[in-house]
Amino acid sequence: MPKRQQTNTPPLPPRFSLVQRGAWREAFEAYGTALSMAEAGEGDLARQILGEFHAEHRKILVLAQSGGVPQPLAEYSVNLAERLGFDLVLLSVGSPGRGGQDAFEAAARTGAELLMEQAARRGVACAHMIRLGGRDEVLNAVSIELRRVEFVITDRLECERRQAALLVPEFSFRC
């Protein structure tokens, strides 16, 4: 049988790369690392790794509009987070470049009080974030930053939702 001549051509560069982010991959990595530590006789370290993974709570991201969160949306979000055992994160998004950034932040804090009070009364952990930028870009950036955001609740119209390219599911709650 004749020998094949080997060539030293470099491999072709990839045309795109796929980076998966999500709960399944994170869980798989955490369990794999913990399993490796346990097999190596490091049971305490394995338990610590799994504890850190499960310590981070799942979150519901609630998009606040300019006037804050309507009463029905606040009640629904807090009730859902309480039933599922999730944390709530209220996100106020403002447009950059418009004058009155301080006024926007003050209005956002005032608008968040209703949801924050209801969450505190029901024992649901709740945080408020204020960001400037395009709504969908900020939603994607915050969902990556916070990790374990399961879904977003908004009160925007269906036609606006369909045009969005979000990394997490979005559910509209029409008040």
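The values are calculated or read from the model by the stated rules, or taken from the named source; none is laboratory data. Note that this is a predicted model, so its numbers are computed, not measured. Counting neighbours? That spans all protein chains shown, and the Cβs are built from the backbone with ideal geometry, glycine included.
For the reader, a short list of remarks on this structure follows.
- Qualifying residue in the stretch 17-40 (condition: at pLDDT 80 or above and outside any helix (DSSP H, G or I)): yes
- Considering (1) at pLDDT 90 or above; (2) more than 24 Å from residue 26 (Cβ to Cβ); (3) surrounded by 17 or more Cβ atoms within 10 Å (Cβ to Cβ), the lone condition that residue 68 does not fulfil carries the number (1).
- The stretch 81-129, residues that are within 22 Å of the chain's Cα centre (by Cα) and at positive phi: 85, 123
- Residue 51 surrounded by 10 or more Cβ atoms within 10 Å (Cβ to Cβ), modelled with pLDDT under 70 and at negative phi: yes
Every residue, every condition in (1) touching a helix residue (DSSP H, G or I) at 6+ places or on another chain (Cβ under 7 Å); (2) part of a loop (DSSP other than H, G, I, E, B), yes or no:
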| residue | (1), (2) |
| --- | --- |
| 89 | yes, no |
| 97 | no, yes |
| 106 | no, no |
| 109 | no, no |
| 113 | no, no |
| 121 | no, no |
